[in-house]
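Written below as structure tokens is the structure these notes are about.
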Amino acid sequence: MTKKATLDNVISAKLKDYEAETPLGERMRVSTSEKGKTYRVKFVKVKPSAVYTIDGNIITKGNKCDKLVLIQSDVPQNKWIEIFVELKGKDVVHAVEQLKATIENPIFQHRTVDQRWARIVAHSFPRNTGDSRIERARDDFNKRNIDFKRGTMILEDVV
């Protein structure tokens, strides 16, 4: 791992106080799951990454999503991707609220964060009607330059 791939360079020093679910290390893929829902990322080349449990660990009160996946996106410039993940049963509207609240939390604001992604993996989603709350959430995330995706049971990204 490069010398620059340290938590001091990834996110605020506050995160160092929390144990990672998957510690920072170089790998070809990373995943997290809960109650039958899985989010995973495959890398086209080995990348430093880590997974943190937010709900009940980093944030204990108020709305918060389940997990944070950190991936180094640009080694020479030490830029990182923050992926906020909510693993949900059916209440996807609440999942959107949890993601928004977590993304806005000051602990996740850092100069080295190059990209922010929001991901919902749920058992099911309401039908798309073009005016649904999920579609409005997608528009809101896009305006804030946050990549938003959703998936049923398993969601996978490639970086």
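Read the figures in this text as sums done on the coordinates, not as results from a lab. Just so it is clear, the model here is predicted, and its values are computed rather than measured. Heads up, the Cβs are rebuilt from the backbone with ideal geometry, glycines too, and the neighbour counts pull from every protein chain shown.
Quick rundown of the values:
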{"item": "Fully extended contour minus Cα-Cα distance, from Val158 to Asn105, at 0.36 nm per residue", "result": "16.5 nm"}
{"item": "Pairs of Cα atoms farther than 25 Å apart, the chain, %", "result": "26"}
{"item": "Evaluated over the stretch 83-159, the Cα radius of gyration and Dmax, each in Å", "result": "12.4, 38"}
{"item": "Positive-end residue of Thr53, Gln77, Met28, charge dipole of the chain with Cβ unit charges", "result": "Met28"}
{"item": "On Cα atoms only, tilt of 133-143 relative to the major axis of the chain in degrees", "result": "40"}
{"item": "Acute angle (nearest 10 degrees) that the helix 92-104 long axis makes with the longest principal axis of the chain, alpha-carbon atoms", "result": "30"}
{"item": "Sites matching trypsin sites (Lys or Arg not before Pro) across the stretch 14-50 that sit in DSSP coil, with at most 14 neighbouring C-beta atoms within 10 Å", "result": "Lys35"}
{"item": "Partner lysines for Lys90 [C-alpha distance under 17 Å; skip if fewer than 8 residues away on the same chain]", "result": "Lys35, Lys37, Lys64, Lys149"}
{"item": "Computed magnitude of the charge dipole of the stretch 17-159 (debye, nearest 20; Cβ of K, R +1, Cβ of D, E -1)", "result": "340"}
{"item": "Computed over the stretch 60-129: relative contact order in percent, which uses C-alpha pairs under 8 Å that are six or more apart", "result": "36"}
